[in-house]
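Let me begin by presenting the structure, written as structure tokens, before commenting on it.
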């Protein structure tokens, strides 16, 4: 079976954590084509689970592209050079929600929208929470609120339109599955 291959790539718009590039490719039939793509540094998403193993701390913050506030899990970009993903997740958890976690479990990774970007988000479950105080970055975080949601209500929150953020839905589903598998093994 023939495959696609990349011939080259050139920057169209460089940025601090994303770059718009044009890539040139050759298809299986020899046809040459271009695609605009967003190159992204990657991200982490954290499920801060309280001791009852059902309550999760989320944030509600303004998202300029949507011109709306969105309920989502704490998350952030991998924008500190050389920083390990788990350390980035721990940093974001403390900055946004004001807690640290005794236990961190990597739940999985996913590509946010592979039709135009290589952004990959790694999800973590954080347990054994203790308060440390927030360190809010930027105007959106300074005005966000912390809210608690029930993991057991994940599907109804999605169906009602209360949860619309893809990374939050995926990470909560991964956390729920992880906890159910752990309970079955007991």
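Rounded to two decimals, the Cα radius of gyration of the chain over 2.2 N^0.38 Å is 1.17.
In percent, rounded to a whole number, the relative contact order of the chain is 22, using alpha-carbon pairs under 8 Å and six or more apart. Largest GNM mean-square fluctuation across 88, 171, 51, computed for the chain with C-alpha springs under 10 Å, falls on 51. Which one, 134, 168, 32, has the greatest fluctuation when you compute a Gaussian network model over the chain with C-alpha springs under 10 angstrom? Answer for the Gaussian network model of the chain: 32. Against the longest principal axis of the chain, how steep is helix 85-97, in degrees 0 to 90 to the nearest 10, with axes from Cα atoms? Helix 85-97 and the main axis of the chain meet at about 50 degrees. Build a GNM of the chain with springs between Cα atoms under 10 Å apart, and of 118, 52, 84 the one that fluctuates most is 52. Can you tell me the FRET efficiency between residue 20 and residue 153 if r is taken as the Cβ-Cβ distance and R0 is 35 Å, rounded to the nearest 0.05? Plugging the Cβ-Cβ distance into 1/(1 + (r/R0)^6) gives 0.35. Once the mean of 1/r is taken over each pair of separate Cα atoms and inverted, the range 134-186 shows a Kirkwood hydrodynamic radius of 13.1 Å. Neighbour counts of C-beta atoms inside 10 Å place 119, 95, 34 in the sequence 34, 95, 119, starting with the fewest. Quick check: the angle from helix 166-185's long axis to the longest principal axis of the chain, C-alpha only, nearest 10 degrees? Approximately 60 degrees, to the nearest 10.
The fewest-to-most ranking of 4, 17 by surrounding Cβ atoms within 10 Å reads 4, 17.
We did not get these values from a lab; they are worked out from the coordinates using the rules stated. The structure presented is a predicted model; accordingly, all values stated were derived computationally and were not measured. Positions of Cβ are generated from backbone atoms using ideal geometry, with glycine treated the same way; all protein chains shown enter the neighbour counts.
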